[in-house]
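Working notes for the structure below.
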Amino acid sequence: MSTSPVSPAATRATSAQATAESFFDAYRRRDVEAMVDLCADNAKFRYVPFEVWARQRVVRGDGQVCTVGKAIWTTLIDAFPDLSNSVTSVRGDEDGNVAVEVSIGGTQARDFGVIASRGGHYDLPHLFLLHVDGDGFIDDIVAYWDSADWQKQLDWLEVD
Amino acid sequence: MSARSVAQEFFACLQSGDADKVSGLLASGATVALVPLGVTGTMAGEGAAYLQALAEAFPDLMVRTRRLFVTADNAAVAEVTLDGTQAADFLGAVNQEKHFDLDQAWILQVDDQDRITAVTGYWCQNQAYRRLGVKRLDKISITAR
């Protein structure tokens with residue numbers, strides 16, 4: 001059986017995309033430990049829209065997967081116990097960068113941050129930008145979404 | 001040219017508000033999806049309207065590219081930060097001359113002629129409203145001083 005030649009660059013891109021897809025498979029199963037296991041020990045984490053404005057400071061969703069990321073995912077799944085996702089596109093490059101467009105949604109069962117639970121359901125497009133290192137672990141996660149759309153779907157209309 | 005340089009040119013046009021120059025980067029019928037605004041259409045129509053509104057509201061706009069990579073299917077993926085001072089109403093938010101900074105991510109699909117065929121933008125409109133003093137999502141024009 002012959003095999004078609006595959007360039008190392010294509011292999012890196014394909015492998016990184018597969019890791020990204022495994023991450024969202026784990027997220028769909030709401031398996032936070034599996035999500036974390038796909039990440040490097042000191043993987044960076046940044047949820048861009050996540051910011052809580054208190055009187056004296058702004059708390060941002062910025063830090064490491066093992067601390068901030070894991071806590072946010074756990075809290076989110078607790079608040080939305082049927083949380084799921086549907087990946088719509090996965091694109092990668094030869095340096096391990098991956099862009100994933102994914103719709104994430106769920107039904108609210110508990111308060112989440114300032115968003116009081118009214119039992120609402122949301123579905124929200126997200127863009128995740130991941131970086132997968134040479135060992136196949138995700139070492140950087142950045143995500144974008146629109147919290148205005150999210151809050152409106154959950155009937156929470158205060159900007160702050 | 002390459003997808004990377006096309007993207008760099010696109011963000012230079014975003015900063016200068018030069019919609020005409022953007023049109024020179026586009027393939028015929030190039031599409032746009034401005035996800036937070038729920039806007040889909042053509043770059044010549046809806047896309048140009050957004051660029052024009054942005055340029056009019058923030059005449060001192062700066063666009064800083066923080067990350068840019070090109071995927072195997074020739075899509076340029078970029079994280080940028082917009083910085084500016086509001087000088088006119090913007091997307092329903094009245095002008096209070098507030099400083100505005102907003103992180104965005106864009107996907108520009110580029111064809112083999114180095115023309116952009118599709119533009120997709122992601123950002124948090126709630127952050128934009130917060131910067132502009134909007135207090136409620138159902139009353140965008142009512143702002144806090």
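Can you name the residue in region B:32-77 that is assigned to a strand (DSSP E or B) and more than 14 Å from every other protein chain (Cβ to nearest Cβ) and, of all such residues, is nearest to B:LYS98 (Cα to Cα)? Please lay out each step first, then the result.
Going residue by residue through region B:32-77, those that are assigned to a strand (DSSP E or B) are B:32-34, B:39-42, B:62-70, B:75-77.
With more than 14 Å from every other protein chain (Cβ to nearest Cβ) added as a condition, the list becomes B:32, B:41-42, B:62-64.
Numbers: B:VAL32: 28, B:GLY41: 30, B:THR42: 30, B:MET62: 15, B:VAL63: 17, B:ARG64: 19 Å.
Step by step, filter region B:32-77, then rank; the result is B:MET62.
Would you mind finding the one in A:LEU124, A:LEU76, A:LEU83, A:LEU130 that is in contact (Cβ under 8 Å) with a residue 60 or more places away in the chain and surrounded by 15 or more Cβ atoms within 10 Å (Cβ to Cβ)?
Numbers: A:LEU124 fails: in contact (Cβ under 8 Å) with a residue 60 or more places away in the chain; A:LEU76 fails: in contact (Cβ under 8 Å) with a residue 60 or more places away in the chain; A:LEU83 fails: in contact (Cβ under 8 Å) with a residue 60 or more places away in the chain.
Exactly one of A:LEU124, A:LEU76, A:LEU83, A:LEU130 is in contact (Cβ under 8 Å) with a residue 60 or more places away in the chain and surrounded by 15 or more Cβ atoms within 10 Å (Cβ to Cβ), namely A:LEU130.
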Restricting attention to region A:107-117, does a residue exist that is farther than 23 Å from B:ARG130 by Cα, within 11 Å of another protein chain (Cβ to nearest Cβ) and out of contact with any Asp or Glu (no Cβ under 7 Å at 6 or more places or on another chain)?
no
From the list B:ASP103, B:ASP114, which one is under 24 Å from A:VAL48 (Cβ atoms), outside any helix (DSSP H, G or I) and modelled with pLDDT of 95 or more?
B:ASP103
Within region B:121-145, track down each residue that is facing chain A (nearest Cβ under 8 Å), in a strand (DSSP E or B) and crowded, with 18+ Cβ neighbours inside 10 Å.
B:TYR122, B:TRP123, B:VAL134
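Yes/no per residue for (1) farther than 27 Å from A:GLY96 by Cβ; (2) in contact with a Lys or Arg (Cβ under 6 Å, 6 or more places away or on another chain); (3) not aliphatic (A, V, I, L, M):
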position: B:SER2; (1), (2), (3): no, no, yes
position: B:GLN15; (1), (2), (3): yes, no, yes
position: B:SER28; (1), (2), (3): yes, no, yes
position: B:ARG67; (1), (2), (3): no, no, yes
position: B:ALA78; (1), (2), (3): no, no, no
position: B:GLY92; (1), (2), (3): yes, no, yes
position: B:GLN96; (1), (2), (3): yes, no, yes
position: B:ASP111; (1), (2), (3): no, no, yes
B:ARG131 meets each of (1) in contact with a helix residue (DSSP H, G or I) (Cβ under 7 Å, 6 or more places away or on another chain); (2) over 15 Å from B:ARG4 (Cβ atoms) with one exception, condition (1)
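The values are calculated or read from the model by the stated rules, or taken from the named source; none is laboratory data. Note that the coordinates shown come from a computational prediction; the quantities given were computed from them, not determined experimentally. Please note: Cβ atoms are built from the backbone with ideal geometry, for glycine as well, and neighbour counts cover all protein chains shown.
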